[in-house]
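The numbers here are math on the coordinates, done by the rules we state, and not lab data. Quick caveat, the model's predicted, so the values are computed rather than measured. Backbone-built Cβ (ideal geometry, glycine too); neighbour counts: all protein chains shown.
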């Protein structure tokens, strides 16, 4: 069973959020909390709240729906920071011109799971993705030698 929490329209760039999310991927919840507590990035506080929300979602399902969930065994299965909308801004530039810049936003998704219940599925999907990620040089004509006719 997976338990997820989302935070949308967070005023931080997704690139900066991914730096912190990569620190906690695959860690148990308690280790992830400690890591976020001692991380000096500003987004770490928001991610810690999101982690607590996902943990509360798991606790809610355990009590209300009667599911057998061990909160201590949960780990961070997936942590993703996607692009949100961008705010376009203008900065004054020399000689009456204006430079445009963008303020980025992120949508963050955290998924918690229990170990062992979804591990086999994850490895099969990972092997398929690795097979698809191989470069196909011949299909696009890259790597063919010119001047050789077959």
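For residue 88, state whether it is free of Cβ contacts under 8 Å to residues at least 60 places away in the same chain and over 19 Å from residue 5 (Cβ atoms). Don't jump to the end; show me each part of the working.
Values: free of Cβ contacts under 8 Å to residues at least 60 places away in the same chain: yes; over 19 Å from residue 5 (Cβ atoms): yes.
It is true that residue 88 is free of Cβ contacts under 8 Å to residues at least 60 places away in the same chain and over 19 Å from residue 5 (Cβ atoms).
Can you tell me which residue within region 52-81, out of those that are in contact (Cβ under 8 Å) with a residue 60 or more places away in the chain and touching a helix residue (DSSP H, G or I) at 6+ places or on another chain (Cβ under 6 Å), is nearest to residue 116 (Cα to Cα)?
74
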